[in-house]
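Working notes for the structure below.
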Amino acid sequence: MNRSIQTQVLIAGAGLGGLAAAGCLIKRGFQVEVFEQAAQLGEVGAGIQQSANSIKVLYDLGLRDELEKVAVKPKAYEFRRYDNAELLHAIPFEGTHDRMHGTPYYHIHRADLHHVLLEAVVERLGADRVHLGWRCVGADTDGATAVARFVDPETGAA
């Protein structure tokens, strides 16, 4: 099957980066289609740390309240000796990170952050613009137009 979808922006991958990019582009008025090779989106990964640069993007997308529901703000990092727990070094976060960088420092499970981003993108874009089961196998340019090639999820043909 040879199907053509025309869009201003095509994003290959509905992971954290793809969804964040989609959210930013949608907010700025671009027509976006997101293609993901997985047949379904699910829980993947572990805890991740989010500092000022990424949090400012998430706040700009209007996700502050959602982050507050699913993330934690560590008070500090403490480095201790393995054998007697002696404190070797501490890096304060509570209040300090906010003051220095303008946002809290968060710890969040990757699946929770993915869910928050996916919900925001689907709400703004529509579920029909997030395509699952489409593996991108290449891209070409034709003048000012880019053409992405995918494995068809129904036939397996490229």
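Rounded to the nearest whole Å², what accessible area per residue is found for segment 1-103 with the 1.4 Å probe?
About 66 Å² of surface per residue is accessible.
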task: Just flag the GluC sites (Glu not before Pro) in segment 89-158 sitting in loop per DSSP whose Cβ has no more than 13 other Cβ atoms within 10 Å.
output: E94, E154
statement: Packing-ranked peptide list from 28-34, 44-50, highest mean Cβ count within 10 angstrom first, is 28-34, 44-50
- prompt: To the nearest 10 degrees, how steep is helix 110-125 against the longest Cα principal axis of the chain, on a 0 to 90 scale?
  reply: 40
- prompt: Classify segment 76-122: rounded, prolate or oblate, from the alpha-carbon gyration tensor (a ≥ b ≥ c, eigenvalue square roots; a/c under 1.5 rounded; otherwise prolate if a/b is larger than b/c)?
  reply: oblate
task: Report ³J(HN,Hα) in whole Hz for each residue of segment 81-91, in order, from the Karplus equation J = 6.51 cos²θ - 1.76 cosθ + 1.60 where θ = phi - 60°; Gly and Pro get x.
output: 5, 5, 9, 9, 6, 4, 6, 9, 6, 9, 10
- request: Would you work out which of Q31, N53, V72 lies farthest towards the positive end of the dipole of the chain, given +1 charges on the beta-carbon of Lys and Arg and -1 on that of Asp and Glu, about the Cα centre?
  value: N53
- request: Would you work out what percent of the accessible area of segment 49-139, with all protein chains in place, is carbon or sulfur (probe 1.4 Å)?
  value: 49
query: In whole angstrom, how far apart do the alpha carbon centroids of segment 1-50 and segment 62-99 sit?
result: 30
statement: Computed ³J(HN,Hα) along segment 20-28: with the Karplus parameters 6.51/-1.76/1.60, θ = phi - 60°, integer Hz and x for glycine or proline, the list is 5, 4, 4, x, 5, 5, 4, 4, 9
task: Classify segment 36-89 as rounded, prolate or oblate from the Cα gyration tensor: take a ≥ b ≥ c as the square roots of its eigenvalues, call it rounded if a/c is under 1.5, otherwise prolate when a/b beats b/c and oblate if not.
output: oblate
message: For the chain, place one equal point scatterer on every Cα, skip the solvent, and apply the Debye formula. What is log10 of I(q)/I(0) at q = 0.12 Å⁻¹?
response: -0.64
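The values are calculated or read from the model by the stated rules, or taken from the named source; none is laboratory data. Nothing here was measured: the structure is a model prediction, and the numbers come from that model. Reconstructed Cβ throughout: ideal geometry from the backbone, glycine too, with neighbour counts over all protein chains shown. Accessible surface areas use protein heavy atoms only, side chains included; no ligands, DNA or RNA. Shrake-Rupley method; radii C 1.70, N 1.55, O 1.52, S 1.80 Å.
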